[in-house]
Amino acid sequence: MAQSTKRRGHIGTILRIGVACGAVALLGVFWDWPAVFDALSRMKLANLLLAVVLFASGGVFMGLRWYALLRAQQVDVRPITCIRITYLGMFYNNVLMGSVGGDFLRMWYIAQHTHRRLEAVTSVLVDRALGLGILVAVAAVAWRYIPPGEWHLRLSFGPALGRILREDWPWALATLALLAAGLAGVLAWPRSRRVVSRAWHAVASRAARFGLSLKRYAHHPLSLVLGVALTLVSQSVSIIGFYLLGRSMEIPLGLAHYFVFFPVGWVIGALPISIGGTGVVEGGLYWLFTDIGGAEKGAAAALAICQRFVLLLGSMPGLAVHLLGGHLPKLPERGEFFVDAGQTEG
């Protein structure tokens, strides 16, 4: 069983690496590389370094945001520890699935600092949800500040949705019928019914505790307000860095475009279909800047490449944290991931 699970994990990793390599290769074929090199030659090195510094500084704000969320869960961890593990997560976000793979390592390592495992895991989930939610909100607000005449692509989902409702409903109905038949078959077999019952009770028990952890934030609204403020600061400084980088490449788009395109690209990159979102984020940004923003294709491709370079360099403090062991507590204080307060108190 363990070997089968391990094998499936290896297959999933290989598939994500394949998606990343395929996306990069596809982009490499379609990009106009002479135009890309021309845009890179116009780029100012000082702007690139500033973008790296601004992105890296965002890790401090994200670490403090996580610290505020942990305090609301009564998890006593030092701010510097949260910042160190945050940088570690930022680094691994570039080499694990999607751009959120580092969150699983954050869950693991924060459990080494506390026995309140479920509460610590809840804080990581809320931290990630808060970050993605603010990205979507920032893009939605910034979109309102872009004049309609500056959109170079008109998106209309009405006709397509109408066609699906008129023509494709039998397929949807057949799919629902098959799912219902499969569920009925599982519940009709006594052995599978017992397995489902045990799994349901286990999930329900943990879901109840998870719900109580979430409710704690209702009693600590200032923690959420502080989290939102720190999220806005961390995301804004990073986007401003990329805006300055794009300006040095003579991309004629305003700051509002960057506050729409980069959040959308990062949300797309969070999908666990590629290693670190490689290729997916770059392709998304390229499409947004060219087909919607109307930017020159070579400059858009160059900005997408520089964005990956900035993400890698800006997350290097996480590699230093890992090599120096700054993310781990002293051995006598170390907790255990599979034992938490809910078990020890019982």
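The values are calculated or read from the model by the stated rules, or taken from the named source; none is laboratory data. Please read these numbers as outputs of a predicted model, since none were measured by experiment. So basically every Cβ, Gly included, is an ideal-geometry build from the backbone, and we count neighbours across all protein chains shown. All accessible areas refer to the heavy atoms of the entire protein, side chains included, with ligands and DNA or RNA removed. Shrake-Rupley method; radii C 1.70, N 1.55, O 1.52, S 1.80 Å.
Observations on the model:
- Contour minus Cα-Cα distance for HIS219 and VAL141 (0.36 nm per residue): 25.3 nm
- Accessible-area order (highest first, 1.4 angstrom probe) of the listed residues ARG198, ARG65, ARG71, ARG216: ARG198, ARG71, ARG216, ARG65
- Across segment 296-301, rounded Karplus estimates of 3J(HN,Hα) from the backbone phi angles (6.51 cos²θ - 1.76 cosθ + 1.60, θ = phi - 60°) give 5, 4, x, 5, 5, 5 Hz, Gly and Pro being marked x.
- Magnitude of the charge dipole for segment 37-141, about its Cα centre and with charges confined to Cβ atoms of Lys, Arg (+1) and Asp, Glu (-1), is about 160 debye.
- Segment GLU250-LEU132, extension gain: residue separation times 0.36 nm, minus the distance between their alpha carbons: 39.6 nm
- Placing a pseudo-label 7 Å from each Cα along the Cα-to-Cβ vector at TRP108 and ASP76 gives an inter-label distance of 2.7 nm.
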